[in-house]
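The values are calculated or read from the model by the stated rules, or taken from the named source; none is laboratory data. None of these values were measured; they are calculated from a predicted model. A quick note on method: Cβ atoms are made from the backbone with ideal geometry, for glycine too, and the neighbour counts reach across all protein chains shown.
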Amino acid sequence: MMTANEIRDSYLKFFESKGHVIVPSAPIVVKDDPTLMFTNAGMNQWKDIILGTKEPDPRRRTDSQKCLRVSGKHNDLEEVGRDSALSHHTMFEMLGNWSFGDYFKEGAIDYAYEYLVDVLHLDPKDLYVTVFEGDASENLGRDDEAAGYWAKHFPKNHIVNGNKHDNFWEMGDTGPCGPCSEIHIDFRPEEEKAKVPGEELVNKDHPQVIEIWNIVFMQYNRKADGSLEPLKMHVIDTGMGFERLVRLMQGKSSNYDTDIFTSIITEIENLSGKKYSHTFPEGPNGEGTNAEQKVDIAIRVVADHLRAVAFSIADGQLPSNAKAGYVIRRILRRAVRYAYTFLDQKAPFMYKLVPVLVHEMGGAYPELPAQQELISRVIKEEEDSFLRTLEKGIQLLNGDMDELKKNAKTQLDGEKAFRLFDTYGFPLDLTELICGENGFTVDEEGFDREMAKQKARARNAAAVENGDWVEIKNGEQEFVGYDYTEYECHILRYRKVTQKKNTFYEVVLDHTPFYGEMGGQVGDQGSLVSENETVDVIDTKRENNQSVHIIKKLPQNIEADFMACVDTDKRNASAANHTATHLLDYALKQVLGGHVEQKGSFVSPTTLRFDFSHFQKVTDEELRQVERLVNKMIREDYALDEHRNVPIEEAKELGAIALFGEKYGDKVRVVRFGPTCEFCGGIHATSTGRIGFFKILGESSVAAGVRRIDAITGDQCEEAIYQVEDTLKAIRALFNNAKDLKATIAKHIEENAAMKKSIESFRQQAVERTVKKLVENTINVNGTTVVKATLPIDPASAKDIVFKVREKISSNLLCVLGTVHEGRPALSVMLSDDMVSEHELNAGKMIREAAKLIQGGGGGQPHYAQAGGKNADGISAAVDKVIELANL
């Protein structure tokens, strides 16, 4: 039986033998495509070629691509571990082969048949293929061309028509698309096959008749108005689900029974003490109908989600509360919730599974072993955090259920359930589970309404409407920004973009010196100048491997000759800060150790931010060493030593540092400054001396094992020095221009501490005197000892007083104290325990009502509460109101 690694290798070697170049997987996290957060299909990294903005070289490629599907149109998250076929995953591998303007339908079909039948020895009697049946609304006929090529290999009854949903592949609402042929396999028992022909079960969600390969014939581009236009170049894009293929080759009934997952599942069993029983989920939503099924679902969810989270962290995406980081955090928390509820894991344990994952997949994906320590630390910290959140959420939910019991209600309000989800990350299904165990239901419709409101807010905040690209000239863009800041150009294409109420235009030039935002460096600003007008370029973005210029209005003559002019002051400042990050990276490795790796950066004209792997706080002494080393390299004035279009292996031999999670082509740019050497496509200073000076502003933690340094350079350092000088002058003036300022301040601090100690002693004495006086002047109202007063003291003293009164009068006590301090009124209420339990009084409720008389509010516990307000004239009435509310 072939192992998973052997199957992956056989696929790549087969297509290599057919003239395809094996290329590495692109990162799972997308960084230069605003339409995607994650790679969700093998074709994502080739969009620039498919759209015609980059020439394909080579034209035939193959790889195993890491993919993630957890949001949007392609979303498998809720199916994971619960679907009837146990074949859906968040992170999965997509085996793919591409042809860019080379072979098309016939070649792709012949290769697919040869690999499946001649290499893997699958029985063609078990294989079925689908072809697009056509769509009258799109004026598209049946894909008879593909059907004809399939007829060379299969009888007519094995070629099944498929509708637009199944057999017309689209990346999104716009973009490349085309008909496709899916390959399905029927691995039912022979007696079942005899009863119902396989062609009747294709695309009918039968767990044993499943799709394994999709061959997309990209020949159209979907425009914003929904119409189709032919692509300039035909493209073959195939995607074979690796996990499903391994399942077939290993004769397993579930993806989770293959050697892709068995080692991870065994380790989950060892750590949790729970046994994996290989059950298939039952119930209307696949949630499991007994404890055994629920345990199995939880184990599958943990095994699947571990892979998604680990690969995302390895590719540079840390869990966070925004965008892609939030998706990763949500996946991890979903796994933790399943482990908490069904595997009885109340402490972090998923991070302990990382070594097994690295052992199984580290050979094919070297980023895993290279980032193993970081992955483990980040997962453990996230587990710790969410487990604490779960405990808080459960406490809050218990309080809500107590309230339901008290009011004889049986359903938790949807708004409260949503608050648990939104504030504490508490999943609805966990809320429903706990409520069900206590005899309550949850208002799901109310929850859904609140969720819809939140989504609507998010859509309104981020809604972007892109128009179609309008072609002005044919051609590709050439970036000339490494050598020029001004260059003659023409507009190739543009499109209108609407975001909220703002409208702007995106413009692509044939030649551009403008650097598009990428790798943490902000995009250039500047202007497009023609003979008759000047148009401001307010930003430059990177999209599909080209610079896209943002302008507020279109030029009057869109076909005019333009001079593209970069704002050189901002460009030079950004370049200096970018070069400083290279020096900083080198210095950190020298001072802290070779384990330091860049985890992110931000470079603008005014500041730089650098994230790096390190597992403890950087000391002040270490930061000073780093600063000294960076500034030494600045003074050395190392010139930029740049090597363009270097083969990637040659670049590595030069000692250039590559970043995990970054996408590199076959040829790269290498940037050296003295001892530093890195892969980099950004804009740099011509020499380190141009940086001027480097100063660290702060060091902090970003996530487990990731630290952040904020710094400035050049004239920003100069301004910072002036601010420090001005501040020191002002402080010195406050101390009569003392010569030894440090000693003078230390003396004042010492004297101030002594005075504070004396004042606190006097305050405590005054509190004791006041307490004695109040106790001596109590009022007895129907057996209750009432202490009331209005005093000109601060709220802290008032709190001390009421607690000391309670120490002296432990039963039948109602103490109400009104205070006015610096014109601000406050109210304090203290009750003895028996007044709360026997008389059912509540200080918090009473004080909220009384505080209205001082135009304020407050609250607290049943036995003690405080309130503040604005109307000092009402304080006496507020004190009397509390006594009235006690109804003694």
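For this structure, a couple of remarks:
- Pairs where the first residue, in the stretch 490-502, is assigned by TED's automatic domain parsing to the domain that holds GLN556 and under 23 Å from THR512 (Cβ atoms) and the second is of a type in the set (Ser, Thr, Tyr) and loosely packed, with under 15 Cβ neighbours inside 10 Å, C-beta under 8 Å, 6+ apart: LYS496/THR503; VAL497/THR503
- If you check ILE883, ILE847 for being more than 51 Å from the chain's Cα centre (by Cα) and of a type in the set (Val, Ile, Thr), only one passes: ILE883.
- Boolean, GLN590 is over 24 Å from GLY681 (Cβ atoms), in the same structural domain as THR686 (by TED's automatic domain parsing) and surrounded by fewer than 19 Cβ atoms within 10 Å (Cβ to Cβ): yes
- So ARG377, is it touching a helix residue (DSSP H, G or I) at 6+ places or on another chain (Cβ under 9 Å), basic (Lys, Arg) and closer than 26 Å to ALA26 by Cβ: yes
- Here the condition is being among the aliphatic types (A, V, I, L, M) and free of Cβ contacts under 8 Å to residues at least 24 places away in the same chain; of ALA658, ALA711, ALA703, it holds for ALA658 alone.
- Verdict on GLU776 being in the same structural domain as LYS808 (by TED's automatic domain parsing), exposed (fewer than 10 other Cβ atoms within 10 Å of the Cβ) and either among the acidic types (Asp, Glu) or modelled with pLDDT under 90 (or both): yes
- Search result, residues across the stretch 155-169 that are surrounded by fewer than 17 Cβ atoms within 10 Å (Cβ to Cβ) and either closer than 30 Å to LYS223 by Cα or in contact with a strand residue (DSSP E or B) (Cβ under 7 Å, 6 or more places away or on another chain) (or both): ASN161, ASN163, LYS164, HIS165
- In the set LEU271, LEU248, only one residue is in the same structural domain as VAL70 (by TED's automatic domain parsing), surrounded by fewer than 23 Cβ atoms within 10 Å (Cβ to Cβ) and of a type outside the set (Val, Ile, Thr); that residue is LEU248.
- Residue within the stretch 764-787 that is assigned to a loop (DSSP other than H, G, I, E, B), within 20 Å of VAL879 (Cβ to Cβ) and in contact (Cβ under 8 Å) with a residue 24 or more places away in the chain present: yes
- When PRO179 is tested against (1) under 26 Å from LEU122 (Cβ atoms); (2) buried (at least 18 other Cβ atoms within 10 Å of the Cβ); (3) at pLDDT below 95, exactly one condition is not met: (3).
- Residue selected from the stretch 705-750 under the condition charged (D, E, K, R) and outside any helix (DSSP H, G or I), by the criterion farthest from the chain's Cα centre (by Cα): LYS739
- Pairing each residue of the stretch 323-343 that is farther than 14 Å from ALA308 by Cα with any residue that is charged (D, E, K, R) and outside any helix (DSSP H, G or I), provided the two are 6+ apart or on different chains, yields C-beta distances under 9 Å for TYR340/LYS346; PHE342/LYS274; LEU343/LYS274.
- For the stretch 362-374, the condition holds for no residue, the condition being that it is out of contact with any Gly (no Cβ under 9 Å at 6 or more places or on another chain) and part of a helix (DSSP H, G or I).
- Of all the criteria given as (1) out of contact with any helix residue (DSSP H, G or I) (no Cβ under 7 Å at 6 or more places or on another chain); (2) closer than 30 Å to ALA26 by Cβ; (3) of a type outside the set (S, T, N, Q); (4) at pLDDT below 95, the one not satisfied by ASP110 is (4).
- Test: GLU282 is farther than 15 Å from PHE386 by Cβ and at pLDDT below 85: yes
- In the stretch 324-363, the residues that are over 20 Å from ALA704 (Cα atoms) and among the β-branched types (Val, Ile, Thr): THR341, VAL356
- Among the residues of the stretch 627-677, those that are in a helix (DSSP H, G or I), among the charged types (D, E, K, R) and over 27 Å from GLU699 (Cβ atoms) comprise GLU649, GLU650, LYS652, GLU653.
- Selection within the stretch 678-697 - modelled with pLDDT of 95 or more and assigned to a strand (DSSP E or B): SER687, PHE694, LYS695, ILE696, LEU697
- Residues in the stretch 864-876 that are without any contact (Cβ under 8 Å) to a residue 40 or more places away in the chain and surrounded by 15 or more Cβ atoms within 10 Å (Cβ to Cβ): ALA865 alone.
- Criterion violated by ALA658 - all others in (1) surrounded by fewer than 18 Cβ atoms within 10 Å (Cβ to Cβ); (2) over 29 Å from LEU368 (Cα atoms); (3) of a type in the set (A, V, I, L, M, F, W, C) satisfied: (2)
- Residue check for ASP118: without any contact (Cβ under 8 Å) to a residue 40 or more places away in the chain, under 20 Å from ASN157 (Cα atoms), out of contact with any Lys or Arg (no Cβ under 8 Å at 6 or more places or on another chain) and surrounded by fewer than 23 Cβ atoms within 10 Å (Cβ to Cβ): no
- Residue check, ARG732 outside the structural domain of PRO825 (by TED's automatic domain parsing), in contact (Cβ under 8 Å) with a residue 40 or more places away in the chain and among the basic types (Lys, Arg): no
- Here the stretch 374-399 is the region considered, the condition is being surrounded by 18 or more Cβ atoms within 10 Å (Cβ to Cβ) and among the aliphatic types (A, V, I, L, M), and the residue that is farthest from the chain's Cα centre (by Cα) is LEU397.
- The listed residues are ALA746, ALA738, and the only one of them that is surrounded by fewer than 12 Cβ atoms within 10 Å (Cβ to Cβ) and without any contact (Cβ under 8 Å) to a residue 60 or more places away in the chain turns out to be ALA746.
- Here HIS549 does not qualify as buried (at least 20 other Cβ atoms within 10 Å of the Cβ) and either of a type in the set (Asp, Glu) or closer than 26 Å to PRO319 by Cα (or both).
- Scope the stretch 123-152; condition outside any loop (DSSP other than H, G, I, E, B) and over 30 Å from PRO189 (Cβ atoms); matching residues: PHE132, ASP135, ALA136, SER137, GLU138, LEU140, ASP144, GLU145, ALA146, GLY148, TYR149
- Within the stretch 200-228, tally of residues that are surrounded by fewer than 18 Cβ atoms within 10 Å (Cβ to Cβ), in contact (Cβ under 8 Å) with a residue 12 or more places away in the chain and not in a strand (DSSP E or B): 6
- Some residue of the stretch 602-625 being assigned to a helix (DSSP H, G or I) and under 29 Å from VAL29 (Cβ atoms): no
- When VAL508 is tested against the conditions (1) more than 27 Å from the chain's Cα centre (by Cα); (2) among the aliphatic types (A, V, I, L, M); (3) farther than 22 Å from GLN45 by Cα, the lone failure is (3).
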